[in-house]
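Here's the structure we're looking at; comments come further down.
The values are calculated or read from the model by the stated rules, or taken from the named source; none is laboratory data. Remember, it's a predicted structure, so these values are computed and weren't measured experimentally. Methodologically, a virtual Cβ is constructed for each residue, glycine included, from the backbone with ideal geometry; neighbour enumeration extends over all protein chains shown. SASA here: full protein model, heavy atoms, side chains in, ligands and nucleic acids out. Shrake-Rupley method; radii C 1.70, N 1.55, O 1.52, S 1.80 Å.
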Amino acid sequence: MKQWTQAAIVGMGALGMMYGERIGKKLGAEAVCFVADEERTRRYQQMDFAVNGHSRDFTICSAKEMKPVDLVIVAVKGTGLSAALDMMAPCVGSETTIISVLNGISSEEIIGECFGREKVICCIAQGMDAVKFGAALSYSRFGELRIGILGGKEDGENNSEGEPGLKQSGENMALGQPEKKPGISQKKRLKALEDFLGRAGIPYVTEPDIRYRLWGKFMLNVGVNQTCMAYETNYGGALKAGNAYDTMTGAMREVISLANAEGVALTEKDMEEYIELLKTLSPEGMPSMRQDGLAHRLSEVEMFSGTVRKLAARHGLKVPVNDWLYERICGMEKEYASLGY
């Protein structure tokens, strides 16, 4: 497979800007562009962007002007995924590979159903503390990507069978192995992705069991994202002993039980390790869901406690902490609407 030279990023939030700046800095401005609809393209082209206090210029392209690229990075919020699928369509050709840095456990399958599951490499973004307000991005920790293919590197040539993973289709939410199709194998796509990330200076780890890692990140997000929004706090507040911390860990424990029911061996040790990871972030930092709350935007609650509740019902499990978080956050969002936001 040829060496990749161009990436397109859909979504100009904190993660999109962070990766776009790094790729442009390491590989040149021509190596990356942001793709948007025509209205956003005009608006973005008039904005003055800044990263950690330094002015930055980005290439913004209308989706209608795009042609297939080597790599598409989907970096929208879960609430914007449907629109993103339409925008990225011109960027995707037979040799295009797609990664998603969305939260939750369903975006890979949704994207794969639209463009072909064989084009999607599973990916998790973790360890960063990026915060974006307006056109200004700030972060002290870049974090890393965790990437992999279901079944691992050695099974990348044939993904027609294997354990389930993250599919969301009605009441079904389990990620199935990509169907084996003619063309570029996932193993070759993974190697090309590793090469591109290495040249772009984006830290990554290739996971032998990406499904396990996806569920671990889901557990973390269900706990910290929702807790920070529900209690209107930051990482420091969520980690401080008290109600917020108890809610965060309670929600994570419910995901552990759910993951076990789905055949994923998450344990308390995994939860403890993710909490230690949170402690390395700036106490004043906040996850994306809290940023949505401050901006009075609809959040990804359906991707978190909404998904937990649906899967728990399938397995006959009780999830009272996630039930409370769901009701609390949905109530907050209804209040935003009543106030005209």
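Considering each residue of segment 287-341, count those that are under 29 Å from Gly143 (Cβ atoms), touching a helix residue (DSSP H, G or I) at 6+ places or on another chain (Cβ under 8 Å) and aliphatic (A, V, I, L, M), and give that number.
11
Select from segment 81-123 the residues that are of a type in the set (Asp, Glu) and open to solvent by less than 10 Å² (accessible area, probe 1.4 Å) and list them in ascending order.
The one that is of a type in the set (Asp, Glu) and open to solvent by less than 10 Å² (accessible area, probe 1.4 Å): Glu108.
So the check is Cβ under 6 Å with 6+ separation or different chains; which pairs have a first residue in segment 198-213 that's touching a residue at least 24 places away in the same chain (Cβ under 8 Å) and a second one that's surrounded by fewer than 18 Cβ atoms within 10 Å (Cβ to Cβ) and part of a helix (DSSP H, G or I)?
Ala200/Lys26; Gly201/Lys26
Quick check on Ala295: is it surrounded by 17 or more Cβ atoms within 10 Å (Cβ to Cβ) and either out of contact with any His (no Cβ under 8 Å at 6 or more places or on another chain) or more than 30 Å from Leu339 (Cα to Cα) (or both)?
Taking the combined requirement at face value, the residue does not satisfy it.
Give all pairs with beta carbons closer than 6 Å in which a residue from segment 262-281 that is assigned to a loop (DSSP other than H, G, I, E, B) meets a residue that is not small (Gly, Ala, Ser); count only pairs at least 6 apart in sequence or on separate chains.
Val264/Tyr212; Val264/Trp215; Leu266/Trp215; Leu266/Ile256; Leu281/Asp129; Leu281/Tyr235
From Gly331, Gly237, Gly250, which residue is part of a helix (DSSP H, G or I) and either on the phi > 0 side of the Ramachandran plot or open to solvent by 30 Å² or more (accessible area, probe 1.4 Å) (or both)?
Exactly one residue qualifies, and that residue is Gly331.
For segment 260-292: of the residues being among the β-branched types (Val, Ile, Thr) and touching a Leu at 6+ places or on another chain (Cβ under 9 Å), which is surrounded by the fewest Cβ atoms within 10 Å (Cβ to Cβ)?
Here the residue is Ile275.
Among Met219, Met128, Met173, which is among the hydrophobic types (A, V, I, L, M, F, W, C), at pLDDT 95 or above and under 30 Å from Val321 (Cα atoms)?
The unique qualifying residue is Met219.
What residue, of Lys187, Lys167, Lys181, is touching an Asp or Glu at 6+ places or on another chain (Cβ under 7 Å), modelled with pLDDT under 85 and surrounded by 16 or more Cβ atoms within 10 Å (Cβ to Cβ)?
Lys167
Is it fair to say Lys2 is charged (D, E, K, R) and either in a helix (DSSP H, G or I) or open to solvent by less than 10 Å² (accessible area, probe 1.4 Å) (or both)?
Here the answer is no, as Lys2 does not meet what is asked.
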